[in-house]
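*Asks:* Sharing a structure with you now.
We did not get these values from a lab; they are worked out from the coordinates using the rules stated. Keep in mind that this is a model prediction, so the values were computed, not measured. Positions of Cβ are backbone-derived with ideal geometry, glycine not excepted, and every protein chain shown enters the neighbour counts.
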Amino acid sequence: MKTWFITGASSGFGRDLAAAVIAHGDRVAVTARELGKVEDFVQDYPLQAKAYRLDLTQPETITQAMAEAHRDFGGLDVVVNNGGYGLIGALEDCSAEQILRNIETNFTGPLRVMQAALPLFREQKRGHFINLGAAAAISNYAGFSVYGGAKAGLELASEAVAAEAAPYGVKVTVVIPGPFRTEFIARSLDRAAGHSGAYDATAGKFLSFLEKVDGKQPGDPAAAARAIIAVVDSEKPPFRLVLGKYAYQKARRQLDKLRAELDAWENTGLPTDFTA
């Protein structure tokens, strides 16, 4: 039996994963900014679940929730950085406050979660981080400069943490989902504060697309939860787990594009080392 710690468990991927973890027979510490939104897990599964308040923009709630969960369960095996939200709009139209808050929630906050868990994992010589990435970090979209940039930063930071903590039995997996049928677009997508109109054909077009596909996304969150559990149960989990046909195709196209660009500019970029 493993013990999981999941941020952002009040809705979307986090809630579906918490339910799947309980059904799998494991224990789970569910966290959310509003404690009342996750207390039903404790009421329904008092032997398997405990709820904690955690706000990714408030560092003290991260350390407190992590310490309390570790104490209450007697250890943690899996820490899932699921909490986050999107910010859609051209960079020029986003306010400074929106940019900082989104980066703090999607990048800085998850780093703090890992930082709080690492001493516990290191001491027990085992642990697994599951960090939710995004298809926007494979290749980004107009209108997702802040959100996609934060997710890309989390992915590369996760790569460094995986190398740093590997000697202590710590594993890291970045989960990269395509479009899944969650409430992300309807409830977890902030709009840029400004609207200059200058980017309606780019960032505006992407926003219209997101609104049009909401509720019709091909990805099944329950199936994603089962895939994540399978990775955690694996002896050799991957660093990246891509979910869904859309994300797989996008990743392959990006690899092909990268190879083509490297080949096209090799004669310019390669001979820039000292020759002697």
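*Asks:* Summing Lys, Arg as +1 and Asp, Glu as -1, what charge do residues with Cβ under 14 Å from the Cβ of residue 202 carry, residue 202 excluded? Could the numbers behind the result be given before it?
*Replies:* On the way: positive: 205; negative: 92, 93, 200.
The answer is -2.
*Asks:* What is the percent of Cα-Cα separations in the chain that go past 36 Å?
*Replies:* Tail of P(r) above 36 Å: 17 percent of Cα pairs.
*Asks:* I would also like to ask the following. Give me the orientation-averaged projected area of the Cα convex hull of region 218-258, in nm², one decimal.
*Replies:* 3.4
*Asks:* Volume per residue, Å³, of the convex hull around the alpha-carbon atoms of region 34-158?
*Replies:* Taking only Cα atoms, region 34-158 has a hull volume of 115 Å³ per residue.
*Asks:* Set the bar at 27 Å for Cα to Cα. Now go through 37/250; 205/250; 151/245; 171/205; 50/212; 37/151 and name every pair that lies beyond it. Don't skip to the end; give the middle numbers.
*Replies:* On the way: 37/250 34 Å; 205/250 19 Å; 151/245 20 Å; 171/205 39 Å; 50/212 37 Å; 37/151 25 Å.
As for pairs spanning more than 27 Å Cα to Cα, those are 37/250; 171/205; 50/212.
*Asks:* Let me ask you something else. I need 35, 156, 47, 132 ordered by Cβ neighbour count within 10 Å, fewest first.
*Replies:* Starting with the residue having the fewest Cβ neighbours, the order is 47, 156, 35, 132.
*Asks:* Another question about this same structure. Starting from the Cα gyration tensor of region 151-273, take the square roots of the eigenvalues, sort them a ≥ b ≥ c, and report rounded, prolate or oblate (rounded when a/c is under 1.5, otherwise prolate if a/b is larger than b/c, else oblate). Write down the numbers at each step before the final one.
*Replies:* Values: a/c = 1.90, a/b = 1.10, b/c = 1.72.
Because a/c hits 1.5 or more and a/b fails to exceed b/c, region 151-273 counts as oblate.
*Asks:* Moving to a separate point now. Note the angle between two axes, namely the Cα long axis of helix 245-264 and the longest principal axis of the Cα atoms of the chain, as a number of degrees from 0 to 90, rounded to the nearest 10.
*Replies:* Between the helix axis and the principal axis of the chain, the angle is about 40 degrees.
*Asks:* Using only the alpha-carbon atoms, how far is helix 221-233 inclined from the longest principal axis of the chain? Give it as 0 to 90 degrees, nearest 10.
*Replies:* 70
*Asks:* Moving on. For region 90-146, just say rounded, prolate or oblate: build the C-alpha gyration tensor, square-root its eigenvalues into a ≥ b ≥ c, call rounded for a/c under 1.5, and beyond that prolate if a/b exceeds b/c, oblate if not.
*Replies:* oblate
*Asks:* Could you list the GluC sites (Glu not before Pro) in region 151-239 that lie in coil according to DSSP, counting only those with at most 16 other Cβ atoms within 10 Å of their Cβ?
*Replies:* Counting only loop positions with at most 16 other Cβ atoms within 10 Å, the GluC sites (Glu not before Pro) in region 151-239 are 183, 235.
*Asks:* With +1 on each Lys and Arg Cβ and -1 on each Asp and Glu Cβ, how big is the dipole of region 142-276 about its Cα centre, in debye rounded to the nearest 20?
*Replies:* So the magnitude is around 540 debye.
*Asks:* Then there is this: Could you tell me the relative contact order of the chain? Use alpha-carbon pairs under 8 Å, at least six residues apart, and round to a whole percent. If you can, show how the numbers build up before the last one.
*Replies:* On the way: 471 pairs, mean separation 51.9, N = 276.
Reported relative contact order: 19 percent.
*Asks:* Relative to the Cα centre, what is the charge dipole magnitude of the chain, using +1 at the beta carbon of each Lys and Arg, -1 at the beta carbon of each Asp and Glu, and rounding to the nearest 20 debye?
*Replies:* Working: 30 positive and 32 negative charges, 123 e Å.
Value, rounded to 20: 600 debye.
*Asks:* Please arrange 126, 33 by how many other C-beta atoms lie within 10 Å of their C-beta, fewest to most.
*Replies:* 126, 33
*Asks:* Fewest to most neighbouring Cβ within 10 Å: what's the order for 17, 262?
*Replies:* If I rank by nearby Cβ atoms, fewest first, I get 262, 17.
*Asks:* For the chain, find the longest principal axis of its Cα atoms and tell me its angle to the long axis of helix 203-213, 0 to 90°, nearest 10.
*Replies:* Tilt relative to the chain: about 50 degrees.
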